[in-house]
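Comments concern the structure below.
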Protein chains: 2
Amino acid sequence: LKVYLAGPEVFFPNARDLLDVKIRLARDIGFDPVAPGDLEVPPARSKREFGENIYRVDEQLMKQADAIIANLTPFRGLHADIGTVFELGYMCGRGKPAFAYSNVVDNSFVRLLRYYDGQVEAAPDGRKRGKDGSLVDDFGMNENLMIDGGIAASGGVFETHQANDVERYSDLVAFKRVLKAAAHRLKVK
Amino acid sequence: LKVYLAGPEVFFPNARDLLDVKIRLARDIGFDPVAPGDLEVPPARSKREFGENIYRVDEQLMKQADAIIANLTPFRGLHADIGTVFELGYMCGRGKPAFAYSNVVDNSFVRLLRYYDGQVEAAPDGRKRGKDGSLVDDFGMNENLMIDGGIAASGGVFETHQANDVERYSDLVAFKRVLKAAAHRLKVK
């Protein structure tokens, strides 16, 4: 069973190492893991065209995959890496089971509360809003409801574990947990 | 032709008005627009379950749609609203044409440069990295390459227009432009 490993690891200098460890763990449990970097990106005449070529390679890998495991640890802000979120949506759109994990336990509401310096109040309509008037969802979900909702609807699982700051993107406790859950649900091995 | 209107408008107090204007414009050009809020969300026993019910309603609307037009104006940070990005990925995964617009013209690289206070440098491998060592993509794309790449691969168009701050989420210049492009490409009317 082919599983696509998505996450912000690709942005880090040790991307190859981070991915290799995850690939090995996924293989050990019985998956056939695929990840960005598995295929060579064709050269291009412009940087935009090169970016589009990377997309096509990743899309090809996703099309071959039977499931996705996404690292949704917040990256450069409140939320998960949006490239990874696109991939999660892509696989849900294809009707594939979507699994995810985050190395930050605080849920979306808690993170938004911090973002608004605690200034979130119940508006006349009963819903919570930040000081800019925008809705602050409080569904007890780790991420935006489309993400947690999509994972649940696909039959997947979302695991969280609090990593320390230094290991925010390399800690594998939650990854191992979700890998095990995915192997169990998808009857691998 | 049913087009799904996605965007962070749903978070604003005037969500209904913002969406109604877009719905009318889409109808005027010949589309049959669908948007979050079109269907009633079934009641639930817990807030998590209610969030999941909202997801299911939105997923149902996406499944009926032939295309998506997403508002990718940065929301609460560097990037587009991640719920919207999930939906864009979802529609690409279903092989549907994806159209998008942003009311911020600065591309992803320019926004990241600001995020890193200009401290982005070429690493020994020739790629640009922020002061935290993470890769700063520079593909001349408005968003992450999965987003711009996905739109291009789907046959869609990504329009941008610089709105002033007050109208960041209500300015419709780019929306009208992409609506026209979508109607043309999808041969509506």
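Peptide A:124-137: average number of partner chain Cβ atoms within 10 Å per residue?
Values: counts 1, 1, 0, 1, 0, 3, 2, 0, 3, 4, 9, 6, 2, 6.
The mean count of partner-chain Cβ atoms within 10 Å per residue comes to 3.
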Please tell me the relative contact order of chain B in percent, rounded to the nearest whole number, where contacts are Cα pairs under 8 Å and at least six residues apart. 23 percent
Stokes-Einstein translational diffusion, the stretch A:100-189 - Kirkwood Rh over all Cα pairs, 0.890 mPa s, 25 °C, in µm²/s: 166 µm²/s
As I understand it, the dipole of the stretch B:98-189 uses +1 on the Cβ of Lys and Arg and -1 on the Cβ of Asp and Glu, about the Cα centre. Which of B:Ser108, B:Ala153, B:Asn142 lies farthest toward its positive end? B:Ala153
Expressed in angstrom and rounded, the centroid-to-centroid distance over alpha carbons for the stretch B:83-121 and the stretch A:1-67 is 19 Å
If we hang a label 7 Å off Cα along the beta carbon direction at B:Arg127, how far is it from the matching labels on the other copies, in nm, shortest first? 3.9
For the pair A:Gln119 and A:Lys63, what calculated FRET efficiency results from E = 1/(1 + (r/R0)^6), where r is the Cβ-Cβ distance and R0 = 51 Å, to the nearest 0.05? 0.70
Using amide H atoms built 1.01 Å from N in the peptide plane, name the residues 5+ places from B:Tyr4, or on other chains, whose amide H lies under 5 Å from its own. B:Val34, B:Asp66, B:Ala67, B:Ile68, B:Ile69
For peptide A:5-17, the mean count of other chain Cβ atoms within 10 Å per residue Cβ is 2
Residue-ordered couplings for the stretch A:36-42, obtained by feeding phi - 60° into the Karplus form 6.51 cos²θ - 1.76 cosθ + 1.60 and rounding to whole Hz (Gly and Pro as x), are x, x, 6, 10, 6, 8, x
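Pop out the Kirkwood hydrodynamic radius of chain B from its pairwise C-alpha distances, inverse of mean 1/r, in Å to one decimal.
About 17.5 Å, per the Kirkwood formula over Cα pairs.
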Averaged over the residues of B:42-53, the number of partner chain Cβ atoms within 10 Å of each residue's own Cβ comes to 4
Sequence neighbours fewer than 8 away in the same chain don't count; with that in mind, list the lysines whose C-alpha is under 17 Å from B:Lys180. B:Lys2, B:Lys22, B:Lys189
What gaps in nm, shortest first, separate B:Gln162 from its twins in the other copies when you place the label 7 Å past Cα toward the beta carbon? 4.4
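Do the sum for the protein assembly as shown: with -39,500 (n - 2.57) for every DSSP H run of n ≥ 4, divided by all residues, what is the mean residue ellipticity at 222 nm, to the nearest 500 deg cm²/dmol?
Helix contribution divided over all residues of the protein assembly as shown: -12500 deg cm²/dmol.
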Burial ordering of A:Val85, A:Val57, fewest other beta-carbon atoms within 10 Å first: A:Val57, A:Val85
In nm, one decimal, shortest first: how far is the label point of B:Val41 (7 Å from Cα along Cα to beta carbon) from the matching points in the other copies? 3.7
Output for the stretch B:24-125: trypsin sites (Lys or Arg not before Pro) sitting in coil per DSSP, at most 13 other Cβ within 10 Å, listed by number, reads B:Arg45
Compute the relative contact order of the stretch A:1-100 as a whole-number percentage, counting only Cα pairs closer than 8 Å that sit 6 or more residues apart in sequence. 33 percent
Against the empirical 2.2 N^0.38 Å scaling, what ratio does the C-alpha Rg of the protein assembly as shown come to? 0.94
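We did not get these values from a lab; they are worked out from the coordinates using the rules stated. Just so it is clear, the structure is predicted and the values come from calculations on it, not from any experiment. Glycine also receives a Cβ, built like all others from the backbone with ideal geometry; neighbour counts cover every protein chain displayed.
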